[in-house]
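The values are calculated or read from the model by the stated rules, or taken from the named source; none is laboratory data. None of the values given here were measured: they were computed from a predicted structure. All Cβ positions, even for glycine, are placed from backbone atoms using ideal geometry, and neighbour counts span all protein chains on display. Accessible surface areas use protein heavy atoms only, side chains included; no ligands, DNA or RNA. Shrake-Rupley method; radii C 1.70, N 1.55, O 1.52, S 1.80 Å.
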Amino acid sequence: MFRTPTRLRRLIAFGPRGWVRIVRFLAVIIPHASGRLAEIREDAAAIPDPALREQALASIDGKAYHVQGGSILATFLRPGAARRYVEIVAPLETIYDYLDNLCDRLDGVPEDAYATLHEALLDAIDPNRPLGDYYRDGPKRDDGGYLLRLVRQCREGLSRLPAFDAVRDRLVEVATFYAELQSYKHLPPQQREDACLRWYERNSARFPGMQWWEFAAACGSSLPVFAMLFAASRPNPRAADVGATFHAYFPYLSAVHILLDYFIDQAEDREHHELNFVAAYPGLDQATARMRALIQEAARRVGALADGEYHAFLLNAMCLFYLTHPKVFEQHLDAQSIELLNALG
């Protein structure tokens with residue numbers, strides 16, 4: 001995957017300190033994240049309803065890298081704090097992935113259930129909310145308390161963060177955006193695009209200069225949540241630093257995250273007639289140019305942060321992961337992927 005000079009230069013650019021961090025991420029953080037996910041998988045395997053059990057296991061087996069990648073900022077925390085961080089990220093990302101599978105793959109889930117199911121995500125990151133009945137609008141199946149246990153595990157982890165109160169409002173805001181997106185993106189074709197367009201129009205004054213699908217992509221990322229959890233993992237973060245970190249991630253870095261995911265899934269989404277935000281651009285050249293601009297803006301913003309080197313590490317690692325993925329070469333997107341890597345500077 002690193003057969004081109006651009007990719008090799010990007011890898012070398014991490015430097016000795018970066019390579020030490022890569023080793024810690026691979027040797028310490030990923031094994032812990034994988035071990036925690038294995039425990040969650042045991043719980044998922046005991047779900048009484050076979051359809052829910054199938055989707056829960058599929059969301060873990062097919063998306064383990066979401067939990068592993070979502071834990072990357074733990075690389076920069078001390079061992080105890082890193083463990084606490086991963087103990088939140090693993091069940092929280094599992095909630096994201098499980099609910100996504102229910103809405104995407106489980107037959108017979110009514111439209112009203114999309115928002116109700118995603119109340120679990122809001123409950124998971126806001127201990128002030130009363131716990132809900134997430135299946136009350138469907139699907140009418142028994143998960144044996146699986147989803148509720150994930151919610152409680154997240155809340156328990158949040159209670160151990162030294163500065164949770166400093167980020168709670170930001171967490172609630174970005175998780176609410178994510179939950180709203182799920183209510184729109186799973187609607188029938190054309191109806192979902194119109195709903196997303198109207199949604200962005202209601203928010204365009206706060207986030208100007210974006211296309212509706214770029215805003216939707218930004219809302220579809222869990223990375224702003226994980227960035228806020230990282231800030232809360234260290235005592236007494238400054239309000240200005242928390243705000244700057246949030247606005248570096250949302251909507252810029254988070255939009256890059258999801259657009260890259262759609263970038264490598266273009267062929268698959270065409271085959272299955274699924275919504276793809278990269279396909280919303282007039283053409284591949286326009287998509288590449290715009291994604292390049294978003295990457296540059298994300299890189300500029302994270303570079304200006306007090307702990308910018310940590311977030312730049314995440315951005316670089318994320319871009320390398322997506323833009324060296326086998327799907328890039330299978331779809332003959334090599335030239336575009338190199339152009340996007342060059343946007344990192």
**Request:** Assuming a ≥ b ≥ c are the square roots of the Cα gyration tensor eigenvalues, decide whether the stretch 261-333 counts as rounded (a/c under 1.5), prolate (otherwise, with a/b larger than b/c) or oblate.
**Result:** prolate
**Request:** Could you give the size of the charge dipole of the chain about its Cα centre, using +1 on the Cβ of each K and R and -1 on the Cβ of each D and E, expressed in debye and rounded to the nearest 20?
**Result:** 1600 debye
**Request:** Among 245, 188, 127, pick out the residue whose Cα is farthest towards the positive end of the charge dipole of the chain, where Lys and Arg carry +1 and Asp and Glu carry -1 on C-beta, about the Cα centre.
**Result:** 245
**Request:** Could you work out how far the C-alpha centroid of the stretch 298-324 sits from that of the stretch 10-39, in angstrom?
**Result:** 15 Å
**Request:** Report the relative contact order of the stretch 128-222, percent, no decimals, based on alpha-carbon pairs under 8 angstrom and at least 6 residues apart.
**Result:** 21 percent
**Request:** State, as an integer percentage, the relative contact order of the chain based on alpha-carbon contacts under 8 Å between residues 6 or more apart.
**Result:** 16 percent
**Fill in**
Computed ³J(HN,Hα) along the stretch 15-25: with the Karplus parameters 6.51/-1.76/1.60, θ = phi - 60°, integer Hz and x for glycine or proline, the list is x, x, 5, x, 5, 4, 5, 4, 4, 5, 4
**Complete:** Protection proxy (average C-beta count within 10 Å per residue), highest first, orders 230-237, 48-55, 90-97 as 90-97, 230-237, 48-55
**Prompt:** How much of the accessible area of the chain, in percent, comes from carbon and sulfur atoms when a 1.4 Å probe is used?
**Reply:** 52 percent
**Asked** With the other protein chains left in place, how much accessible area per residue, in square angstrom, belongs to the chain at a 1.4 angstrom probe?
**Response** 42 Å²
**Message:** Is there a quick way to get the dipole size of the stretch 1-131? I mean about its Cα centre, with the Cβ of Lys and Arg at +1 and of Asp and Glu at -1; what is the value in debye to the nearest 20?
**Reply:** 1520 debye
**Asked** Shape of the stretch 52-208 from its Cα gyration tensor (a ≥ b ≥ c, root eigenvalues): rounded if a/c is under 1.5, otherwise prolate when a/b > b/c, or oblate?
**Response** oblate
**Estimated vicinal HN-Hα couplings, Hz - the stretch 220-225 in sequence order (Karplus 6.51, -1.76, 1.60; Gly, Pro = x)** = x, 9, 8, 5, x, 5
**Item:** Cα lying deepest toward the dipole's positive end in the chain, options 20, 37, 311, charges on Cβ
**Value:** 20
**Request:** Would you please report the Å³ per residue occupied by the convex hull of the alpha carbon atoms in the chain?
**Result:** 131 Å³
**Message:** Could you compute how fast the stretch 104-192 diffuses translationally, taking Rh as the Kirkwood radius over C-alpha pairs and applying Stokes-Einstein at 20 °C with viscosity 1.002 mPa s? Give it in µm² per second.
**Reply:** 151 µm²/s
**Prompt:** What net charge do the residues around residue 306 carry, taking every other residue with its C-beta under 14 Å from that of residue 306, with Lys and Arg at +1 and Asp and Glu at -1?
**Reply:** 0
**Alpha-carbon Rg with Dmax, taken over the stretch 1-121, Å** = 17.6, 52
**Candidates 27, 244, 81: whichever shows maximal mean-square fluctuation once the chain is modelled as a Gaussian network with Cα springs under 10 Å** = 27
**Fill in**
GNM on the chain, Cα springs under 10 Å; top mean-square fluctuation among 290, 198, 301 goes to 198
**Request:** Apply the Debye scattering formula to the stretch 189-345, with a single equal point scatterer on each alpha-carbon and no solvent, then give log10 I(q)/I(0) at q = 0.09, 0.18 Å⁻¹.
**Result:** -0.30, -1.11
**Message:** Could you derive backbone 3J(HN,Hα) for the stretch 96-111 from the dihedral phi with the Karplus parameters 6.51, -1.76 and 1.60 (θ = phi - 60°), listing whole Hz in sequence and x where the residue is Gly or Pro?
**Reply:** 3, 6, 5, 5, 4, 5, 4, 6, 8, 10, 8, 5, x, 7, x, 4
**Item:** Relative contact order, percent, the stretch 1-144 [alpha-carbon distance under 8 Å, six or more residues apart]
**Value:** 24 percent
